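Remarks on the structure that follows.
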Amino acid sequence: MTDREIYQGLGEIFADVFLRDDLVLTPELSAKDVKGWDSFKQIEIVMATEQRFGIKLRTREIDALQNVGDLAQVIAKKTGNQAP
Amino acid sequence: MSEAPQLHWLPELPDFRVRLRALRDSKSWDEAVALAGARLDFVRTNGLDEIVRQAFDRPPESLATKPIRLALLGSSTLAHLHAALRVAALRRGMWLTIYENDYGQYLQELHDPGSALYRFEPTAVLFAFDAHHLTAGLHAGMDAGEAEAALDETLSRIALCWRLAREAFRCPIVQQTVLDVLPGLMGSNEHRLPGSRRRMVARLNEALREKAEEAGVDLLALDDRAVQDGLRAWHDAGLWHHAKQEVAPPAAPMYGELVGRLLAARQGRSSKCLVLDLDNTIWGGVIGDDGLDGIVLGQGSALGEGFVAVQEYARDLSRRGVILAVSSKNDEANALEPFDKHPEMVLRRQDIATFRADWNDKAANIRAIAADLNIGLDSLVFLDDNPFERALVRQELPGVAVPEVPDDPALVPQALADAGYFEAVAVTDDDRVRTSQYQSNKARESLKASATDLDGYLRGLDMRLVWRRFDRPGLQRTVQLINKTNQFNLTTRRYTEDEVLAVMEDRNAFGLQLRLIDRFGDNGVIAIVIGRKNGTDVLIDTWLMSCRVLGRQVEATTLNLVAAAARRLGGKRLLGEYLPTRKNAMVRDHYAKLGFEVIEARQDGGSMAALDLDDFAPARSFIEVAEGSEGLEPAGSMAMAEG
């Protein structure tokens with residue numbers, strides 16, 4: 001799966017989770033940048049990511065997530081793509 | 001995470017995102033209900049809930065249902081389920097507000113009339129206890145007595161909750177069954193370890209069903225649902241440790257849906273009537289084009305059996321009180337023909353409360369059905385394989401439930417079950433007598449108990465052997481039996497469809513297909529006989545039977561029929577031939593047992609036997625014999641004694 005596909009998928013997840021169509025996903029984007037990104041939303045994003053990309057994140061991986069870039073990297077690794 | 005439980009019967013809305021954004025401004029309740037009727041995953045469920053809550057701070061004036069205040073009382077994190085509960089209510093046009101107890105404080109709050117719980121004045125209470133909580137304190141070192149005491153203690157705590165809630169709120173109470181999330185310690189024989197927590201969960205679920213019945217509490221059977229979807233779809237062990245969410249967020253829409261059904265059922269808002277399309281919905285093909293013998297239904301093909309399963313499911317629904325109706329684009333005479341004449345039809349005319357076969361559009365048709373039955377459009381579920389008709393009815397009649405229908409009829413019964421439109425909390429006597437065909441399991445059991453001797457048992461079976469000449473509707477099944485039956489098959493002659501058709505045309509031959517019906521149901525066509533006249537002899541060219549009906553006097557009764565048919569051809573003597581194969585030794589002495597005289601014993605073990613028809617007296621049996629142009633109906637039955 002290409003980075004582009006990953007970011008496109010994540011973009012749709014974020015649009016649905018935060019009900020916003022104006023979020024531009026960058027690797028640096030993190031919870032402090034988005035209003036309402038709390039621990040519940042964090043779980044929602046992780047679960048939605050698992051469903052959409054057909055992968056499973058381990059507890060350690062979830063705990064280590066700092067920003068969108070980290071999440072994209074985990075997806076890339078698990079869907080058999082080299083990280084950028 | 002395994003794939004989440006899907007609301008697969010609800011239609012996808014391709015423009016959902018756009019319509020959801022528009023709802024912010026339109027604040028249209030009807031549009032909100034429509035969006036809730038789409039196939040939503042948990043993210044979209046949460047999004048819809050958020051926007052609806054912004055748009056409506058109170059129920060709309062037009063709300064036709066009584067607002068519900070649900071107290072959600074549990075022992076772990078439940079907040080992630082609220083949105084799905086509200087959206088499931090919205091899907092049914094209901095307004096739901098939720099109170100959740102402070103973490104772990106359900107018992108304290110139930111005991112305290114000054115608590116926020118009491119101020120909330122719930123109109124429904126749902127107890128949602130997690131497996132860890134209910135089995136806390138149990139450990140593998142316990143003996144049976146200690147484990148028993150722990151079970152009793154837990155059950156009485158739950159019963160106490162029910163009692164407190166009932167006395168305080170006088171409202172429906174729902175108890176969630178326990179998810180099987182704890183790992184076993186023994187394996188397949190877990191039940192031998194008294195202190196096993198996993199075993200405790202199983203015992204609790206068993207006991208809850210009984211206790212809830214006594215206490216008048218409804219169950220929310222999460223354990224059953226998790227069997228359908230797989231536990232991994234419902235529970236994520238990592239997430240449990242992370243957030244104490246026993247039900248994983250992706251399963252929330254299904255959770256809400258299951259609760260929504262119960263709440264609606266308690267308001268008498270479950271669907272009441274299943275409206276069936278005919279062509280390619282309850283049989284394969286188009287009756288108007290393909291004709292009675294061209295439609296795919298019944299034994300002989302997997303597809304045909306799939307359609308039988310659809311009909312059986314509908315019939316079972318009707319036996320527990322769901323009304324059946326038909327809406328079909330067809331000439332009425334064509335549409336009715338299979339109901340009257342096709343031997344494999346499970347549904348009969350009398351199962352259908354109102355029958356609309358015409359060329360009107362289906363929306364008009366369904367309106368007429370609602371009027372015929374004097375029930376609301378929102379009591380109807382419309383089952384149609386055709387996406388065009390489904391879309392039309394959804395658009396014209398938003399109140400009518402229109403499930404998506406799997407391509408494969410084999411999947412339709414479970415899809416309908418999953419959709420839960422007919423959720424019921426009780427079965428009334430009224431439901432059961434709605435169709436006269438109902439036979440209870442009790443009757444079956446009492447029959448087995450009372451049948452101390454074989455004769456008594458056979459007599460009690462109320463067997464009916466319904467025979468027909470070979471015909472086109474039965475052709476497929478006849479050819480299938482001729483080519484598949486190996487054991488009870490005297491000659492093992494295989495015939496093609498054309499050869500069977502030739503028997504039908506031949507004035508010096510007869511072909512019989514026999515169907516056995518007993519009080520437990522229709523066994524389908526179970527025997528085939530072909531006779532050919534040669535001078536004054538009639539040779540039994542083929543006699544085969546399904547082994548399922550052995551030992552029930554079917555053989556002797558069949559002989560009565562064969563003898564009668566042979567006499568009608570002018571035969572004086574019946575010849576029965578046995579051709580041995582590797583598989584048919586069981587019928588070597590078939591004719592001798594029936595009173596034939598062996599006139600030729602061949603070296604290979606084969607034989608020819610003869611029966612003088614002038615001297616033949618039909619055997620008596622407990623089987624009633626009837627000639628039937630249809631399968632299930634007791635057509636003018638006649639005794640075969642006169643031959």
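Take the residues in the stretch B:484-509 that are among the hydrophobic types (A, V, I, L, M, F, W, C) and within 18 Å of B:Tyr591 (Cβ to Cβ), then tell me which one is nearest to the chain's Cα centre (by Cα).
Among residues in the stretch B:484-509 that are among the hydrophobic types (A, V, I, L, M, F, W, C) and within 18 Å of B:Tyr591 (Cβ to Cβ), the one nearest to the chain's Cα centre (by Cα) is B:Phe488.
Checking B:Arg356 against (1) within 22 Å of B:Leu13 (Cα to Cα); (2) charged (D, E, K, R); (3) surrounded by 21 or more Cβ atoms within 10 Å (Cβ to Cβ), only one condition comes out false. Which one?
Every listed condition holds for B:Arg356 apart from (1).
Go through the residues of the stretch B:217-239 one by one and say whether even a single one is touching a Gly at 6+ places or on another chain (Cβ under 9 Å) and assigned to a loop (DSSP other than H, G, I, E, B). Break it down stepwise before answering.
Of the residues in the stretch B:217-239, the ones touching a Gly at 6+ places or on another chain (Cβ under 9 Å) are none.
Within the stretch B:217-239, none of the residues are touching a Gly at 6+ places or on another chain (Cβ under 9 Å) and assigned to a loop (DSSP other than H, G, I, E, B).
May I ask you to verify whether B:Asp277 is charged (D, E, K, R), under 24 Å from the mean Cα position of the chain (by Cα) and either surrounded by 23 or more Cβ atoms within 10 Å (Cβ to Cβ) or within 14 Å of chain A (Cβ to nearest Cβ) (or both)?
no
Any residue that is surrounded by 13 or more Cβ atoms within 10 Å (Cβ to Cβ), polar (S, T, N, Q), within 16 Å of B:Gly74 (Cα to Cα) and assigned by TED's automatic domain parsing to the domain that holds B:His80 - is there at least one of those in the stretch B:154-162?
yes
In the stretch B:251-262, is there at least one residue being of a type in the set (Lys, Arg) and in contact with a strand residue (DSSP E or B) (Cβ under 9 Å, 6 or more places away or on another chain)? Can you show your working first?
First pass over the stretch B:251-262, keeping only residues of a type in the set (Lys, Arg): B:261.
If we keep only those that are in contact with a strand residue (DSSP E or B) (Cβ under 9 Å, 6 or more places away or on another chain) too, we end up with none.
So far as the stretch B:251-262 goes, no, none of its residues is of a type in the set (Lys, Arg) and in contact with a strand residue (DSSP E or B) (Cβ under 9 Å, 6 or more places away or on another chain).
Does B:Ala451 qualify as being touching a Leu at 6+ places or on another chain (Cβ under 9 Å) and at pLDDT below 90? Before you say what the answer is, go through the steps one by one.
On the way: touching a Leu at 6+ places or on another chain (Cβ under 9 Å): yes; at pLDDT below 90: yes.
Here the answer is yes, as B:Ala451 does meet what is asked.
State which residue pairs qualify: first residue closer than 21 Å to B:Gly216 by Cβ and inside the stretch B:109-133, second residue of a type in the set (Val, Ile, Thr) in any location, beta carbons under 6 Å apart, and separation of 6 or more residues or different chains.
B:Thr123/B:Ile68; B:Ala124/B:Ile68; B:Val125/B:Ile173; B:Leu126/B:Val174
Taking the stretch B:552-604, which residues are crowded, with 16+ Cβ neighbours inside 10 Å and over 22 Å from B:Gly511 (Cβ atoms)?
B:Arg552, B:Gln553, B:Pro580
Taking B:Ala83, is it more than 14 Å from chain A (Cβ to nearest Cβ), closer than 26 Å to A:Arg52 by Cα and either modelled with pLDDT under 95 or part of a helix (DSSP H, G or I) (or both)? Talk me through it step by step, then tell me what you get.
Working: more than 14 Å from chain A (Cβ to nearest Cβ): no; closer than 26 Å to A:Arg52 by Cα: yes; either modelled with pLDDT under 95 or part of a helix (DSSP H, G or I) (or both): yes.
So B:Ala83 does not fit the description; no.
Yes or no: B:Phe616 touching a helix residue (DSSP H, G or I) at 6+ places or on another chain (Cβ under 9 Å) and either in contact (Cβ under 8 Å) with a residue 40 or more places away in the chain or over 23 Å from B:Thr492 (Cα atoms) (or both)?
Working: touching a helix residue (DSSP H, G or I) at 6+ places or on another chain (Cβ under 9 Å): yes; either in contact (Cβ under 8 Å) with a residue 40 or more places away in the chain or over 23 Å from B:Thr492 (Cα atoms) (or both): yes.
Yes, satisfied.
Among the residues of the stretch B:52-61, what is the count of those that are out of contact with any helix residue (DSSP H, G or I) (no Cβ under 6 Å at 6 or more places or on another chain) and either in a helix (DSSP H, G or I) or within 10 Å of another protein chain (Cβ to nearest Cβ) (or both)? Steps first, please.
Step one: filter the stretch B:52-61 for residues out of contact with any helix residue (DSSP H, G or I) (no Cβ under 6 Å at 6 or more places or on another chain), giving B:53-59, B:61.
In the following step, the residues that additionally are either in a helix (DSSP H, G or I) or within 10 Å of another protein chain (Cβ to nearest Cβ) (or both) were identified as B:53-55.
Within the stretch B:52-61, residues that are out of contact with any helix residue (DSSP H, G or I) (no Cβ under 6 Å at 6 or more places or on another chain) and either in a helix (DSSP H, G or I) or within 10 Å of another protein chain (Cβ to nearest Cβ) (or both) number 3.
Of everything in the stretch A:11-49, what is within 11 Å of another protein chain (Cβ to nearest Cβ) and among the small types (Gly, Ala, Ser)? Give them in sequence order.
Passing the criteria: A:Ala15, A:Gly36, A:Ser39, A:Ala48.
Sort out which residues of the stretch B:582-624 are among the small types (Gly, Ala, Ser) and part of a loop (DSSP other than H, G, I, E, B), and write them in order of number. Can you show your working first?
Our first condition is that a residue be among the small types (Gly, Ala, Ser); within the stretch B:582-624, this holds for B:585, B:592, B:595, B:601, B:605-607, B:609-610, B:617, B:619, B:621.
Result: B:Gly595, B:Gly605, B:Gly606, B:Ala617, B:Ala619, B:Ser621.
Restricting to the stretch A:50-59, and then to whatever is free of Cβ contacts under 8 Å to residues at least 40 places away in the same chain and either charged (D, E, K, R) or crowded, with 18+ Cβ neighbours inside 10 Å (or both), can you tell me which residue is nearest to B:Ala251 (Cα to Cα)?
The first filter runs over the stretch A:50-59 and keeps only residues free of Cβ contacts under 8 Å to residues at least 40 places away in the same chain, leaving A:50-51, A:54-59.
Within this subset, residues satisfying the condition of being either charged (D, E, K, R) or crowded, with 18+ Cβ neighbours inside 10 Å (or both) are A:50-51, A:56-58.
Values: A:Glu50: 13, A:Gln51: 11, A:Lys56: 15, A:Leu57: 17, A:Arg58: 19 Å.
Going through the qualifying residues, I end up with A:Gln51.
State all residues of the stretch B:20-51 that are more than 11 Å from chain A (Cβ to nearest Cβ), under 36 Å from the mean Cα position of the chain (by Cα) and in a helix (DSSP H, G or I); if no residue qualifies, say none.
B:Trp29, B:Asp30, B:Glu31, B:Ala32, B:Val33, B:Ala34, B:Leu35, B:Ala36
When you go through (1) aromatic (Phe, Trp, Tyr); (2) assigned by TED's automatic domain parsing to the domain that holds B:Val381; (3) within 19 Å of B:Val43 (Cβ to Cβ) one by one for B:Tyr255, which number turns out not to apply?
(2)
When the residues of the stretch B:226-257 are narrowed to those that are surrounded by fewer than 21 Cβ atoms within 10 Å (Cβ to Cβ) and more than 13 Å from chain A (Cβ to nearest Cβ), which ends up nearest to B:Ala207 (Cα to Cα)? Spell out the reasoning first.
Of all residues in the stretch B:226-257, those surrounded by fewer than 21 Cβ atoms within 10 Å (Cβ to Cβ) come to B:227-233, B:237-238, B:240-244.
Pick out the ones that are also more than 13 Å from chain A (Cβ to nearest Cβ) and you get B:227-231.
On the way: B:Val227: 18, B:Gln228: 21, B:Asp229: 23, B:Gly230: 22, B:Leu231: 21 Å.
The residue in question is B:Val227.
Go through the stretch B:341-359 and count every residue that is touching a strand residue (DSSP E or B) at 6+ places or on another chain (Cβ under 8 Å), farther than 18 Å from B:Gly298 by Cβ and not hydrophobic (A, V, I, L, M, F, W, C).
Total meeting the criteria: 3.
Tell me which of these B:Asp218 doesn't satisfy, since it passes every other one: (1) surrounded by fewer than 17 Cβ atoms within 10 Å (Cβ to Cβ); (2) within 26 Å of B:Val259 (Cα to Cα); (3) in contact (Cβ under 8 Å) with a residue 40 or more places away in the chain.
All conditions are met except number (1).
Using the structure shown, decide if B:Asp152 is over 26 Å from B:Gly260 (Cβ atoms) and acidic (Asp, Glu). Walk me through it before giving the result.
Values: over 26 Å from B:Gly260 (Cβ atoms): yes; acidic (Asp, Glu): yes.
Yes.
Of A:Ile62, A:Ile45, which residue is free of Cβ contacts under 8 Å to residues at least 60 places away in the same chain, under 13 Å from the mean Cα position of the chain (by Cα) and within 19 Å of B:Glu50 (Cα to Cα)?
A:Ile45
Out of B:Ala264, B:Ala252, I need the residue that is closer than 30 Å to B:Leu380 by Cα, outside any strand (DSSP E or B), among the aliphatic types (A, V, I, L, M) and in contact with a His (Cβ under 8 Å, 6 or more places away or on another chain). Which one?
Numbers: B:Ala264 fails: in contact with a His (Cβ under 8 Å, 6 or more places away or on another chain).
Checking each option against the conditions leaves just B:Ala252.
The values are calculated or read from the model by the stated rules, or taken from the named source; none is laboratory data. What you see is a predicted model; the values in this text were computed from it and never measured. No Cβ is skipped: glycine too gets one built from the backbone with ideal geometry, and neighbour counts run over all protein chains shown.
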